[in-house]
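Only the coordinates and a few stated rules stand behind these numbers; no lab work does. As the structure is a computational prediction, the values presented were derived from the model and not from experiment. Using ideal geometry, Cβ is built from the backbone for each residue, glycine included, and neighbour counts are taken over all protein chains shown.
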Amino acid sequence: MPRLFAPTPKPPPGSKPTPADEARPACPLCGRPMVAGPSLNEHHLMPRTYGGRDTVTMHRICHAKIHAALTEQQLRDHYHDIDSLRGHPDIAAFIRWVRRKPPEFIDGHATDKRRRKR
């Protein structure tokens, strides 16, 4: 199976972030540094189907979790800002899990292109 992300060396426990990590913008959802490339996506805070135009850049895996956990109606009515998204129980549990992953991490589950047709 091909590797989906380039491994990054993990800093020793208790070490401080490097200057390179501090220079990277942080994901608004999980707070991990963002690395330009395929690990990033744009998220419409208000769904486009409801006239949303403003976007925020975040990790692809964070963006996928938002849309896996919430419907567009829920995003429109209750979760159209980052603070309310972080307060959702499923997303809060996800954030605790994903914070241990490297910034370039992409979930290894099958994508639409790799899924078998039914």
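Per-structure values
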| read-out | value |
| --- | --- |
| Sites residue 36 and residue 90, calculated FRET efficiency, Cβ-Cβ separation with R0 30 Å, nearest 0.05 | 0.60 |
| Where labels lie 7 Å past Cα in the beta-carbon direction, separation of residue 71 and residue 107 in nm | 2.0 nm |
| Computed FRET value (nearest 0.05) for residue 53 with residue 83, which takes r as the C-beta separation and R₀ as 22 Å | 0.65 |
| Overall form of the range 26-98 per C-alpha gyration tensor (a/c, 1.5; a/b vs b/c) | oblate |
